[in-house]
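The values are calculated or read from the model by the stated rules, or taken from the named source; none is laboratory data. None of the values given here were measured: they were computed from a predicted structure. Virtual Cβ from ideal backbone geometry, glycine too; neighbours counted across all protein chains shown.
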Amino acid sequence: MRDQIIPALIAFVVVAILSPLLIALLRKLKLLQPIRKELPSGHQLKKGTPLMFGIILFVGILISILCSPTPFMYFLSITYILFSFVGFLDDFWKASRQDPLGVSGKTKLIFQFIFTGGLLYYAINEMGVDTSINIYKNISFDLPTVLYFIVITLFVVGSANAINFTDGLDGLLGVVAIPTYFFFFMISDRTEVQLFCLIMIGCLLGFLIYNIYPAKAFMGDTGSLAIGGSLSFLAVIENVEILIPILFFIYFAEELSVILQVLSFKLTHKRIFRMTPIHFHFGIKYGWSETTIVTVFGFISWICAFICLAYWRFLLYP
């Protein structure tokens, strides 16, 4: 445990120290956040805030590899890097062109499907990842390999984007993601997963010093898609897909609100929510402050993590 806590503490300190330097560099390079006109007036004030602050989380990747240069840790790190690359392209387009729409959704999805397919193929064939779906203790069912590959690829890409949607308020994704990483740390018997998750928690805590309201910089897709990709693959690696609807409850609620809003407007020309993702709805309709929304969502994320821990320990763990 000590060998894992110390690197996490180092990650926290390094991120906390280097963050002001990165924020200053982003300002100097004019890599700043453009704001969509339809967002609430409070968000219009955030225009010009440094974007791509998620780059600082690469400190965690570097420390993870230095502490445990194993093939498994390289896989976790490459997963993070590839999804971060997609997010970086989007952020750089937004910031350099001051275009809030960024790279087209189709382009981002193509990259994500290619990367996910390659990573999943390697995980199954080279790392021996279990392709059965555990339901209860020793009860599981097997999907045909091709069907499993398709289903899990869709799951990873869908979940990664759901987590990406959660990065919409100051500190929101960082606060919500920490309990999710904590869950994987608690259930895994792989030292690489334990170390990776603790280091990411340390990085996020250091990151939140500068990202909680009022944020001095925004994570951007550079960080949010990377977190999404890594958490989604951790679910596959740890073979806990059955728990994902609960563990990823906040993320899926964010994504589902967007889907329902679009469908409702196309079919009935009426909106279900005042604005989506749903975290905006609570602010506009009920007047919740950003801090209140982040606190409530973070609390729910911890509850979901502990429910999943209990299910895993008493109903799933052999």
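In the stretch 168-217, the qualifying residues are those that are assigned to a helix (DSSP H, G or I), touching a Gly at 6+ places or on another chain (Cβ under 7 Å) and among the β-branched types (Val, Ile, Thr), and the one that is farthest from Asp91 (Cα to Cα) is Ile199. Applying the criterion of at least 1 residues that are surrounded by fewer than 18 Cβ atoms within 10 Å (Cβ to Cβ) and either of a type in the set (D, E, K, R) or modelled with pLDDT under 95 (or both) to the helices (runs of 4 or more DSSP H) found wholly in the stretch 53-160 leaves 71-97, 105-125. Only a single criterion out of (1) farther than 25 Å from Gly206 by Cβ; (2) aromatic (Phe, Trp, Tyr); (3) touching a helix residue (DSSP H, G or I) at 6+ places or on another chain (Cβ under 8 Å) is not satisfied by Tyr74, namely (1). When each of Phe185, Phe218 is tested for being closer than 19 Å to Phe12 by Cα and without any contact (Cβ under 8 Å) to a residue 24 or more places away in the chain, the lone residue that passes is Phe185.
Phe218 passes every criterion in (1) surrounded by fewer than 24 Cβ atoms within 10 Å (Cβ to Cβ); (2) within 21 Å of Phe53 (Cβ to Cβ); (3) under 16 Å from the mean Cα position of the chain (by Cα); (4) of a type in the set (Phe, Trp, Tyr) apart from (1). The requirement of being of a type outside the set (Asp, Glu), surrounded by fewer than 17 Cβ atoms within 10 Å (Cβ to Cβ), within 26 Å of Ile135 (Cα to Cα) and modelled with pLDDT of 95 or more is not satisfied by Leu234.
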